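Asker: My questions all concern the structure below.
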Amino acid sequence: CRLYSIACFLTLKQWYQRRVRGDMAVTTDSLMLVTASADQSSIIWDTETGKILQTLSAKSPVRSCGFSLTNNILCITTDRAMNQPCFIKFYDMRDSDQLVNNEPFREIEMTDAKVNRMIWGTVEDYIITGHENGQLCQYDWKTGERLKTVHDHDNLIKDLQLSKDRTMLVTASKDTTAKLFDAKDFKQLKSFKTDRPVNSAAVSPLKHHILLGGGQEAMEVTTSHTKSGKFEARFFHLIFEEEIGRVKGHFGPINTLAFHPSGKQYSSGAEDGYVRIHDFDQSYYDFEYDF
């Protein structure tokens, strides 16, 4: 199992992508990685050597990116900025001309709220997008058709993650909530309420737990104490929607969270510049929710 951080690639290539937004994705075989950047580009890297394989330029900042389950299709989304609309773009990784000439085989223009986060769905037939107005959408990449839309969040969706079996989707939002959905039909299953913006949320592959991270806005961090910034990672019971624990450590807002595939570790990346890897002790495995 590998843990990737954008910082490690910036160390290798300091002159590239100094303004990375924070989104990246690896192929299922971990041989390639793609990054999305505010410098109006998306870069495909060789994970073993750090070599740049291809640079895809855009006319506005690239917000999110991801490979399909077969690694055949690359999807990136761009911001609505610099007099440019927001686009969802699809490239066929098997067609080198599309990459070299920067000519996606499909572009979908967003006429309403821009895409803030994108992941591939339960199967390879569609992508899932989280928007700045709180909408959650499905798009068929073959036709460009919008398949489903729900509007259960009141503000920007900051993160989207699937459960290990890809049947459930957890969303994190600036509206201080995380929500659990059926990944196929978008039926809302659970809602986890906090008192702070939620920047990231993850589903445990081992226990019925949801992990949330966020905190006070980064621009306000320097004016407040670490405790009042509320930078802890918070554990909620997936079924009962109640908080069951917190982990301190970061002194800035948590921007991203991920469980190890075994469920025995989790990692957190925060505005304080640290990536922390947490091992669960025996008490975590022994804990049983009392109901």
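Asker: Debye calculation, C-alpha points only, no solvent: report log10 I(q)/I(0) for the chain at q = 0.08 Å⁻¹, in the same order as the q values.
Answerer: Scattering profile of the chain, log10 relative to I(0): -0.33.
Asker: Would you list, by chain and number, the aspartates and glutamates whose Cα falls below 19 Å from the Cα of Lys114, excluding same-chain residues fewer than 8 positions away?
Answerer: Excluding near neighbours in sequence, the set is Asp23, Asp39, Asp79, Glu132, Asp140, Glu145, Asp152, Asp154, Asp159, Asp175.
Asker: Moving to a separate point now. For the chain, what does the helix formula give at 222 nm: sum of -39500 (n - 2.57) over DSSP H segments with n ≥ 4, over the residue count, nearest 500 deg cm²/dmol?
Answerer: -1500 deg cm²/dmol
Asker: Okay, moving on. When the dipole is taken about the Cα centre of the chain, and only Lys, Arg (+1) and Asp, Glu (-1) are charged at their Cβ, what size is it in debye, to the nearest 20? Mind showing how you got there, number by number?
Answerer: Numbers: 35 positive and 39 negative charges, 88 e Å.
With Lys and Arg at +1 and Asp and Glu at -1, about 420 debye.
Computed from the coordinates by the stated procedures, all read-outs in this text should not be read as laboratory data. In this text the structure is predicted, and so the values were computed from the model without any measurement. Quick reminder, even Gly has a Cβ in these numbers, built from the backbone with ideal geometry, and neighbours come from all protein chains shown.
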